[in-house]
Structures are given as structure tokens and as C-alpha cells.
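Worksheet for the structure shown next.
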Amino acid sequence: MTNSLLIIEEAFKQIQRLESIFGDDIPWNAIEKGFIYENEKIFLANKARGIFKPKQMLRGLLSIKTTIPRAGRVNVYSDRESDEGYFYYSLQKGDPRKQGNKHIWEAYESKSPFIYFYPVAPAFYKAIWPCYITSIYPDKMYCEVVVGTQPEILFVPDIHPAYKIPSTIERKYRVAETRIRVHQAAFREQVLDAYNGRCAISSLPIRTLLEAAHITPDIDLRGDADVTNGIALSRIHHKAFDANLIGIDPDYKIHLSEKLMNTTDGSLLEIGLKGYHGKQLILPKNIRQVPDNGRLEERFSIFQAAQF
């Protein structure tokens, strides 16, 4: 393997590590730290530029990035999803074959994989990988980016995964799957921001231990990703809520199931769960982000029915 492909492979491993910690919404401050390869620091992306190749790579591309503009600013690029099985990605302004665009052409010609950092909230990204450039339109100043399949043997020593551009049918599936993951990650960030990064039951402030619980489940056609359909909960409280072991009534009062209340098993159960029975949910300060009463009423009736 060439030096460039070895670096790309190590970058994929680093992304897997970040995903194991942060899931589908990786904070920029974790991405920008990069990783160490052969005693050198390799950066994964550049804050100012969307198209990135670290100095250690001979040619090609390590990552591309789309950003959400700050309030009051306009995004001059038109990166977006397509229903045809690819993402549109804008070329850098200027000569379509020079500066950062040169790396796009090199990745296209070598058919080499790379990472696409897709924004789910300001300074949070879903890492999409492996990606490939399948077409470039210099007259229209954009390229087509498709999503491949992540190999299962990535961490097996001395075995290098084979990367290949997916078929047309696979491309549509991968982009559709990625779109769902991106939207779920965006929903999590919106909900966690509404609750100021704290669990609505316990006030736990550790963001990596928090999840966005749907009131109306996302598998329901009405289970949209509006922040009023979500509650920021710690992982254990989210699991209990989904299993109808915890219920929240339309007045935002917390109820524990009889099964939990009648079980005795240490401080986690007594303090971490039972201790919140009868207390009020901690609500967002913005009244427009408070959980929808109608959804809570319907969900609470399901909780009550599950008690019999």
C-alpha cells in the first residue's frame, strides 16, 4: 500500500474510536486533535478549508467537510444530498483543477476512499466513510460523493481492507441510510442543547452519557425529529423510559413502574431511579422547546397500560 492509503486507513481507525465515544455527532474539538501515525501527528480535517490533505500524504484526499454557517452568515456552497445515490459537494472557488480542488481530482483518479464530515449542528459532525468521488463537473463546480461499506476487518493486524466503489443500487441505499443517521444525530444535538446538556430527570451534565429520547417513537409516522418530541435523558433513564419502566405525565411529573418501585438492589436503583419518583421533569428554559403535552399524554397512557 502507498503511504497515502496507509494514512487513510489509520484515519478510519481513529474515526471508529471517536464514534465509539461520541456516536454519530462528533464534536469538532475531538476531530481537530487528529491522531499519531509513525510518531507524527496527522490532522483529520482543517477548520478553515473543506477539502483537506495532510502534509504527510503524497497525494489524494483525506477528508472533505461541510459546515453550518454562524448566525447571520450565508453558506456560499451548495453541498446537499441527492436522491440518486450521492452527495453534491461544491468545489473550492477559483480554478476547478487547482488548490484544494486538485486533491478532489487525485482522489477521483485513484478511486481512493476518504472521510466526509457532514454537519449535524454547529461544531458537531457525522463522519461518513468510506466515501468516493465518482464524477466531477468543473463547469458546474461540484463533484459527486458516494458512500461505501465499512469493512469489518479494520482492526485485524496486518490485514488491509479492500475498498471499492459501490454499485448504483448500493449507492442509493448507503445515502438513504446515512441521511437517517445524520438526521438522528441532528435531533440529538438539538434536544441536548435545549436541555443545556443535562439529563431532564437527574440533571447529569456529561454529554457523552446523554441521549435524545423520542416521546412519539421515531418508527411511528408521527415521530418526527422536532425538539418538542424529545427529552434529554441519561442512557439508563432513556432505556427505562423506552421500556415503560419510567413514565412522564402531561404535567411533567415522573412516575416509576411498580416493578422498579418493588425491587430492592443497591444505591443505583434506590437513588438513581426510585429517588426521582414523583418529582418534576427539568424543562428547557425556552418554552417553545418544552415537550408537547399531547404527545406526553398519549405516551403516558402506554406506560399506564404496561403496568397491568
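The values are calculated or read from the model by the stated rules, or taken from the named source; none is laboratory data. Not measured: the values here are computed from a predicted model. Glycine also receives a Cβ, built like all others from the backbone with ideal geometry; neighbour counts cover every protein chain displayed.
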Name the residue that is farthest from GLY230 (Cα to Cα), counting only residues in the range 178-201 that are surrounded by fewer than 21 Cβ atoms within 10 Å (Cβ to Cβ) and either touching a Gly at 6+ places or on another chain (Cβ under 7 Å) or among the β-branched types (Val, Ile, Thr) (or both). THR178
Strands (runs of 3 or more DSSP E) enclosed by the range 211-308 - at least 3 residues per element that are closer than 30 Å to ILE180 by Cα: 230-234, 246-248
Which condition number does ILE248 fail, the rest of (1) modelled with pLDDT under 95; (2) among the β-branched types (Val, Ile, Thr); (3) surrounded by 15 or more Cβ atoms within 10 Å (Cβ to Cβ) being met? (1)
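Select the strands (runs of 3 or more DSSP E) contained entirely in the range 1-66, then report the ones holding at least 2 residues which are touching a Gly at 6+ places or on another chain (Cβ under 8 Å).
On the way: elements: 35-37, 40-42, 63-65.
Ranges flagged: 40-42, 63-65.
Take ASP292 and decide whether it is in contact with an Asp or Glu (Cβ under 9 Å, 6 or more places away or on another chain), charged (D, E, K, R) and over 14 Å from SER202 (Cα atoms).
On the way: in contact with an Asp or Glu (Cβ under 9 Å, 6 or more places away or on another chain): yes; charged (D, E, K, R): yes; over 14 Å from SER202 (Cα atoms): yes.
Here the answer is yes, as ASP292 does meet what is asked.
Quick check: anything in the range 115-123 under 22 Å from TRP28 (Cα atoms), small (Gly, Ala, Ser), modelled with pLDDT under 95 and touching a strand residue (DSSP E or B) at 6+ places or on another chain (Cβ under 8 Å)? Steps first, answer last, please.
As a first pass, look at the range 115-123 and keep what is under 22 Å from TRP28 (Cα atoms): 115-123.
Then drop every residue that is not small (Gly, Ala, Ser), which leaves 121, 123.
Narrowing further to those that are modelled with pLDDT under 95: 121, 123.
Going one step further and asking which of them are touching a strand residue (DSSP E or B) at 6+ places or on another chain (Cβ under 8 Å), we end up with 123.
Taking every residue of the range 115-123 in turn, at least one turns out to be under 22 Å from TRP28 (Cα atoms), small (Gly, Ala, Ser), modelled with pLDDT under 95 and touching a strand residue (DSSP E or B) at 6+ places or on another chain (Cβ under 8 Å).
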Out of THR216, THR228, which single residue is touching a Pro at 6+ places or on another chain (Cβ under 8 Å), in the same structural domain as GLY294 (by TED's automatic domain parsing) and in contact (Cβ under 8 Å) with a residue 60 or more places away in the chain? THR228
Within the range 74-86, can one find any residue that is crowded, with 18+ Cβ neighbours inside 10 Å and either modelled with pLDDT of 95 or more or of a type in the set (D, E, K, R) (or both)? yes
